[in-house]
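To start, the structure under review is shown below, and the notes come after it.
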Amino acid sequence: MQLSTLAIYATAALIGGLIPGPTTLLALANGISGNWRVVLVGMCGAALSDMLVVAAVGAGLGALLMASATWFATVKWVGVAYLVWLAIQLWRSHPRDLSQVRIQSDLGARRVFLRSFGVALTNPKILLFFSAFLPQFVDTSMPLAPQYAVLAVVSAAVDIGVMTLYATGGVQAARLMTARGLKRLNRTCAVVMFSLAGGLALYRKTGH
């Protein structure tokens, strides 16, 4: 795989990643906690999910999901329910003013990891998107597995970079805003998350 091809893919992935989505909203919320350990654990969960999704595409699971209405509907509604649950958690959160007391996240590392990890794996749009997007950057005359492995690493790296930007914004917001302002920001993220759940619920394979 040529470096120019990787550069084009990384640029496209970066542009797509900057658009607010479930993983970036979680990174922002984790940043609001003021706890970089939570932020890093969340990033690891999201990065691992990226790599597994790319591996699934390489194994042909995206095409299987596209072909099976039952599997698609199952994964889609699990994803909708999961995003709604995350939105409720963000809405009900109670961040405190970081200028007065350092915020301690009430989420354990394992829970934070699984929350970020589960977002991509329960969203069929991501799998179908990669199924259509990744093959454009794969040279079929060369071994496929190494190429998908490289694309998986690049995808994870780009996602980590984007999540770092969002998490840093959350940390800065926590330093500059009052507890009430942080609560409003969390609830704004919750509304966006709920909207993403609604978009996924209305999503149809024919619209891909």
Query raised in the report: Is it true that some residue in the range 55-64 is modelled with pLDDT of 80 or more and open to solvent by less than 30 Å² (accessible area, probe 1.4 Å)?
Result: yes
Query raised in the report: Does any residue of the range 94-117 turn out to be open to solvent by 60 Å² or more (accessible area, probe 1.4 Å), basic (Lys, Arg), under 16 Å from residue 29 (Cα atoms) and modelled with pLDDT under 80?
Result: yes
Query raised in the report: Conditions: (1) within 23 Å of residue 68 (Cα to Cα); (2) at pLDDT below 80. Residue 198 meets all but one. Number of the miss?
Result: (2)
Query raised in the report: Across the range 1-22, which residue is farthest from the chain's Cα centre (by Cα) among those that are without any contact (Cβ under 8 Å) to a residue 40 or more places away in the chain and open to solvent by 80 Å² or more (accessible area, probe 1.4 Å)?
Result: 2
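Yes or no, residue by residue, for (1) open to solvent by less than 70 Å² (accessible area, probe 1.4 Å); (2) modelled with pLDDT of 90 or more:
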site: 140; (1), (2): no, no
site: 143; (1), (2): no, no
site: 147; (1), (2): yes, no
site: 150; (1), (2): yes, yes
site: 154; (1), (2): yes, yes
site: 160; (1), (2): yes, yes
site: 169; (1), (2): yes, no
site: 173; (1), (2): yes, no
site: 177; (1), (2): yes, no
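The values are calculated or read from the model by the stated rules, or taken from the named source; none is laboratory data. These figures come from a predicted structure and were not determined experimentally. Cβ atoms come from the backbone with ideal geometry, glycine included; neighbour counts cover every protein chain shown. These area figures cover heavy atoms from the full protein model, side chains too; ligands, DNA and RNA do not enter into them. Shrake-Rupley method; radii C 1.70, N 1.55, O 1.52, S 1.80 Å.
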